[in-house]
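The structure appears right after this line, and notes come after that.
The values are calculated or read from the model by the stated rules, or taken from the named source; none is laboratory data. Bear in mind that the values here come from a model prediction, so they are computed numbers and not experimental data. Every residue, glycine among them, receives a Cβ derived from its backbone with ideal geometry; neighbour counts consider all protein chains shown.
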Protein chains: 2
Amino acid sequence: MRLALIAAGLLAAAPALADPLPSWNDTETKSRIIAFVESVTDPSADTFVPVKDRIATFDNDGNLWAEQPVYFQLIFAIDRVAELAKADPSIAQSEAMKAAAAQDYKAVLASGEDGLIEVLAAAHTGVDTETFIESAADWLATARHPQTGLLYKEMTYQPMVELLRYLRDEDFQTFIVSGGGIHFVRAYAEEAYGIPPQNVVGTQTVTTYETAEDGTPRIIKQPEIFFIDDKAGKPVGIDNHIGKRPILASGNSDGDFAMLEYTTAGEGPRLGILLHHTDAEREFAYDREGHVGVLNRGLDEAEARGWLVIDMARDWGRIYTGKPKDAE
Amino acid sequence: MRLALIAAGLLAAAPALADPLPSWNDTETKSRIIAFVESVTDPSADTFVPVKDRIATFDNDGNLWAEQPVYFQLIFAIDRVAELAKADPSIAQSEAMKAAAAQDYKAVLASGEDGLIEVLAAAHTGVDTETFIESAADWLATARHPQTGLLYKEMTYQPMVELLRYLRDEDFQTFIVSGGGIHFVRAYAEEAYGIPPQNVVGTQTVTTYETAEDGTPRIIKQPEIFFIDDKAGKPVGIDNHIGKRPILASGNSDGDFAMLEYTTAGEGPRLGILLHHTDAEREFAYDREGHVGVLNRGLDEAEARGWLVIDMARDWGRIYTGKPKDAE
Ligand SMILES: [Ca+2]
Ligand SMILES: [Ca+2]
C-alpha cells in the first residue's frame with residue numbers, strides 16, 4: 001500500500017507528461033526535435049552528450065522573430081535618426097538622412113546601400129553602449145509593426161520561444177548568433193527569449209573605452225564596422241565567443257548555411273534546423289528571392305545533409321508570442 | 001529527541017561552517033573579500049545583487065598563474081616553433097626563428113619585438129583552432145618551469161582557484177579577461193580554473209572559416225591580430241563578450257587598470273582587486289619595473305579608489321596549486 005502511494009507520487013511528478021512544445025503541431029518536425037533532445041540527454045544512450053557540450057545557436061531575424069517587410073533594426077534606425085534630427089536638424093544633410101528624419105521609410109530604402117549605411121551608422125554610433133541599449137529598449141517598448149499592429153517584440157515566434165526554453169530545461173546553453181547588431185539584440189533578448197547579454201553574438205561596430213571629464217568610463221560605439229556576424233562570419237563568431245562547436249544550430253536563410261554546416265560537421269549527434277517561411281496567411285511566405293531571408297542553397301541541400309526544415313504553415317499551431325490585432 | 005536529531009543533521013550540513021578560502025591567511029584582505037560577497041548575496045541587504053548581475057572578471061597571467069621569468073605562452077611558442085622546425089627546417093630563416101628552433105630562449109628574447117612577433121605568429125597561426133588547442137594542451141601536459149620544476153599548469157595560484165570556486169558557489173559567473181591568446185587560455189582554463197571556453201575573453205588573431213577538399217569545415221588561425229585584449233581593450237572585450245559591467249574585477253598590472261576602473265565605476269557594490277607580487281621566497285617579487293606585470297598607477301591609486309591590494313607574502317598561506325619540488 002505504502003509503496004503504491006510512493007509510486008503514484010513519482011508518476012504524478014514526472015515532467016515527461018507535459019508537452020514541452022505546445023505551439024508545435026504534432027508533425028514529424030516536432031517528433032524529430034524531441035527525439036534529438038532525448039537522444040543527447042539520455043545517460044544510457046551512446047548518443048549522450050555531457051551538459052557542458054550542449055550548445056545550441058540560433059539566428060535571430062526571421063528565425064526567432066519576423067523580418068518583413070524589412071529588418072526591424074532598420075526601422076529602429078530610421079526612427080532614431082528622426083529623433084536625433086529633432087534635437088539637431090543639421091544631421092539631415094543627404095537625401096537618405098533627410099528621408100530618415102521625415103520617417104519616409106520607402107525613400108530611405110530607395111536611397112541605396114550607401115544611404116542605408118549612412119542611416120544605420122548615424123543611428124548606432126557616437127553613443128555609449130548602455131545609453132544605446134536603453135534607447136533600443138525604449139523603442140521596442142512602443143514601436144508597432146505597420147501590418148500586424150503588434151509591438152515588434154511581440155512578433156517573436158512562440159514555437160521558438162518554447163524550443164529555447166525546452167532546450168534550457170534539458171541543460172542546453174542557448175545562444176543567439178545574429179547578423180543584426182549585438183547591442184540591439186541584447187536590448188530585448190533576455191526579456192523576449194531568456195537569453196542574457198553574454199549569450200548574444202552579433203555584428204559589431206568598433207567600440208572604444210573613454211573616460212569622461214567627470215571620470216566616468218564608458219564604451220563608445222564608433223561608426224566603423226568591427227565584425228560582420230553573417231555567412232562565414234557566423235562560425236567565426238561562434239569560435240570567438242563560445243569556443244566550442246554547437247550540437248544544434250537553427251536559422252532561416254543562406255546567411256546561416258555556414259553555421260549549420262560547421263555545427264553538423266562535428267562528431268556525434270548534431271541537428272541543423274532551417275525555418276521555411278511558408279505561411280502567407282498568418283505570417284509571410286518567401287524563400288528564394290527578395291531582400292531579406294533569401295534561402296536557396298539551404299533548401300537545395302537540406303535533405304542530403306539531414307537538416308530539418310520547419311514548414312511554418314504545417315508545423316506551427318501558433319506564430320507570434322503576441323496576439324495580432326485582427327485576431328482579437 | 002527526534003527534533004534534536006534533525007537539528008543536528010541540519011547543522012552538520014550547513015555549508016557556512018566551512019572556510020571558503022582555506023589557503024588565504026586570516027588577514028583583512030580575506031575578510032574584505034568575504035564581506036563583499038556576503039553583502040551582494042544577502043537578499044535582505046540593500047547591497048543585494050541579483051544572480052544575473054554577479055559577473056566577476058579575472059586577468060590571467062600573474063593573477064591566476066605565474067608569469068615569470070616570461071609569459072608561459074611565449075615559452076610555448078618557442079617550443080612549438082622548435083617542433084614545427086623539426087618537420088620543416090625551412091621555416092627557421094631569421095635569427096629569431098633559428099633561435100626558437102634551437103630552443104635558445106635567451107636568444108629569442110634578445111631578438112627584439114619584431115623577432116618575438118615572428119615567433120609568436122609562426123606558433124599560433126596556419127592551423128585550425130581545434131588542432132591548436134590540442135597542441136597547447138599537449139604542451140601544458142608535459143612542459144615544466146625551469147625554476148620550480150612544476151608543470152606550468154601546476155603554477156596556478158591555489159588561493160585564486162579557491163576564490164573562483166567560492167564566487168561560483170555564490171552564483172557568480174566567473175570570466176577570464178586576458179591579454180594572452182584566447183585559444184591558448186581555453187586549452188587549460190576549464191581543467192585548471194573551472195572556467196569554460198565561452199567564459200574566456202582574450203587577445204585574438206584573425207580567424208577564417210574554411211572548408212577542406214573533403215568538405216570538413218574548420219576555423220583557421222591567421223597571422224594578423226584581430227583584437228588586443230589589454231589595457232583599454234579589456235573593458236571593450238568585456239562589452240563584446242559579456243555585455244555587462246562586472247561587479248568584481250581582479251588583476252595584477254596596469255594592463256588591468258581600465259578593467260578595474262570600468263568595473264568599480266558602476267553603481268552599487270563593486271570590488272576591484274590587485275594582486276601585488278611581494279613574495280620573492282615562495283614566488284617572485286616585482287611591481288614597478290620589468291618586462292611583465294608592471295604595476296605603477298594601480299599601486300598609486302588603489303587606496304584612493306578603494307581597491308583591495310593582495311599582499312601575496314602576507315595574505316596567502318599557500319601559493320601554487322602544485323607542490324614545488326624543493327618542498328617535497
Ligand atoms: Ca535570418
Ligand atoms: Ca596580468
Study note, to complete from the structure: Picked from region B:238-259 (must be outside any loop (DSSP other than H, G, I, E, B) and more than 10 Å from chain A (Cβ to nearest Cβ)), the residue surrounded by the fewest Cβ atoms within 10 Å (Cβ to Cβ) is B:Asp254
**Study point:** Residues located in region A:99-151, provided they are hydroxyl-bearing (Ser, Thr, Tyr) and touching a Pro at 6+ places or on another chain (Cβ under 8 Å)
**Key:** A:Thr125, A:Thr148
Check your understanding: Looking at region B:179-198, which of its residues are touching a residue at least 12 places away in the same chain (Cβ under 8 Å), within 22 Å of A:Thr263 (Cα to Cα) and either surrounded by fewer than 18 Cβ atoms within 10 Å (Cβ to Cβ) or at the interface with chain A (Cβ under 9 Å from one of its Cβ atoms) (or both)?
Key -> B:Ile182, B:His183, B:Arg186
Point to revise | Boolean, A:Thr174 is crowded, with 18+ Cβ neighbours inside 10 Å and more than 10 Å from chain B (Cβ to nearest Cβ) | key: yes
**Study point:** Test: residue in region A:276-285 that is under 19 Å from A:Val177 (Cα atoms), at pLDDT 95 or above and among the aromatic types (Phe, Trp, Tyr)
**Key:** no
Check your understanding: Residues in region B:232-246: is at least one of a type outside the set (Val, Ile, Thr), away from ligand 1 (no atom under 16 Å from the Cβ) and at pLDDT below 95?
Key -> no
Review point. Given the structure, is A:Glu130 charged (D, E, K, R) and either touching a strand residue (DSSP E or B) at 6+ places or on another chain (Cβ under 6 Å) or modelled with pLDDT of 95 or more (or both)?
Key: yes
Review point. Among B:Thr41, B:Thr57, B:Thr47, which is within 14 Å of another protein chain (Cβ to nearest Cβ), modelled with pLDDT of 95 or more and surrounded by 12 or more Cβ atoms within 10 Å (Cβ to Cβ)?
Key: B:Thr57
Revision key, fill the gap. For region B:50-83, the count of residues that are among the aliphatic types (A, V, I, L, M) and within 17 Å of B:Tyr193 (Cβ to Cβ) equals 4
Check your understanding: Of all residues in region A:112-169, which are among the β-branched types (Val, Ile, Thr) and part of a helix (DSSP H, G or I)?
Key -> A:Ile117, A:Val119, A:Thr129, A:Thr131, A:Ile133, A:Thr142, A:Val161
Exercise for review: Please indicate, with yes or no, whether at least one residue in region B:12-20 is away from ligand 2 (no atom under 16 Å from the Cβ) and at pLDDT 95 or above.
Suggested key: yes
Check your understanding: Restricting attention to region A:39-75, which residues are among the hydroxyl-bearing types (Ser, Thr, Tyr) and within 16 Å of ligand 1 (Cβ to nearest atom)?
Key -> A:Thr57, A:Tyr71
Point to revise | Filtered residue count, region A:62-82, keeping only those that are under 13 Å from A:Ala102 (Cα atoms) and out of contact with any helix residue (DSSP H, G or I) (no Cβ under 8 Å at 6 or more places or on another chain) | key: 0
Revision key, fill the gap. The residue that is surrounded by the fewest Cβ atoms within 10 Å (Cβ to Cβ), considering only those in region A:260-276 that are more than 14 Å from ligand 1 (Cβ to nearest atom) and of a type outside the set (Gly, Ala, Ser), is A:Glu267
Practice item. Pull up region A:199-237, narrow it to residues that are within 8 Å of another protein chain (Cβ to nearest Cβ) and of a type in the set (Ser, Thr, Tyr), then point me to the one that is farthest from B:Gln204 (Cα to Cα). Key: A:Thr216
